1. Using +1 on the beta carbon of Lys and Arg, -1 on that of Asp and Glu, and nothing else charged, what's the dipole of the chain about the Cα centre, debye to 20?
2. How large is the accessible surface per residue of the chain, computed with a 1.4 Å probe and reported in Å² as a whole number?
3. For region 1-89, compute Rh as the Kirkwood radius over C-alpha pairs and then the Stokes-Einstein diffusion coefficient at 10 °C and 1.306 mPa s; write the answer in µm²/s, rounded to an integer.
4. Please report the carbon-and-sulfur percent of the accessible area for the chain; probe 1.4 Å, protein heavy atoms only, DNA, RNA and ligands left out.
5. Largest first, please: the extent of the C-alpha atoms of the chain along each principal axis, to the nearest Å.
6. Over region 1-83, what is the relative contact order in percent, taking alpha-carbon pairs closer than 8 angstrom and at least six residues apart?
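The values are calculated or read from the model by the stated rules, or taken from the named source; none is laboratory data. Source: prediction; values computed, not measured. Cβ atoms come from the backbone with ideal geometry, glycine included; neighbour counts cover every protein chain shown. Surface accessibility is based on the protein's heavy atoms, side chains included, excluding ligands, DNA and RNA. Shrake-Rupley method; radii C 1.70, N 1.55, O 1.52, S 1.80 Å.
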Amino acid sequence: SRLRLSSRPTPVHPFPVSPSLPFHLLVKRDDQTGGPETGGNKIRKLDFLLADALRRDSDTVVTIGGIMSNHCRASACAARMVGLEPHVILRTREAEADRLHGLVGNVLFERLVGATVWTCTPGSYGRFGSAALTARVAEILRADGTAQRP
């Protein structure tokens with residue numbers, strides 16, 4: 001099944017090329033797939049992933065990415081839109097994401113929607129990988145009662 005968070009179909013616009021070229025160019029505007037919180041092509045995948053989470057009666061979403069990850073921003077915002085509790089794990093060299101990134105860019109959007117921000121170092125990410133790190137956060141959330149079905 002699929003949610004309808006994304007705006008489809010996206011428009012196609014002519015792109016101005018030199019008149020000396022023997023062709024016309026059209027550009028598909030995937031940047032208009034969603035709003036600023038979910039824009040770009042990430043939201044199409046989330047239409048399916050979040051539909052699956054809701055089908056499984058999940059109450060929480062945990063995802064991982066770089067400190068300014070568009071995927072994490074879109075996931076956190078879309079999860080909140082459908083009533084799921086968002087948790088993002090951000091790779092950063094900083095011990096705390098708050099020091100440099102707390103109120104700018106994608107981290108700002110994540111905080112605005114109330115996502116819980118976890119951090120990991122690039123070294124931890126390399127040693128354990130995304131599946132193990134997200135599973136560990138889900139385990140912590142289950143154990144402390146924060147999430148019943150992440």
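1. 400 debye
2. Value for the chain: 58 Å² per residue.
3. So the translational diffusion coefficient is about 110 µm²/s.
4. Taking all protein chains in place, the chain shows 56 percent carbon and sulfur surface.
5. Answer, in whole Å and largest first: 64, 36, 28 Å.
6. Once normalised by length, the contact order is 29 percent.
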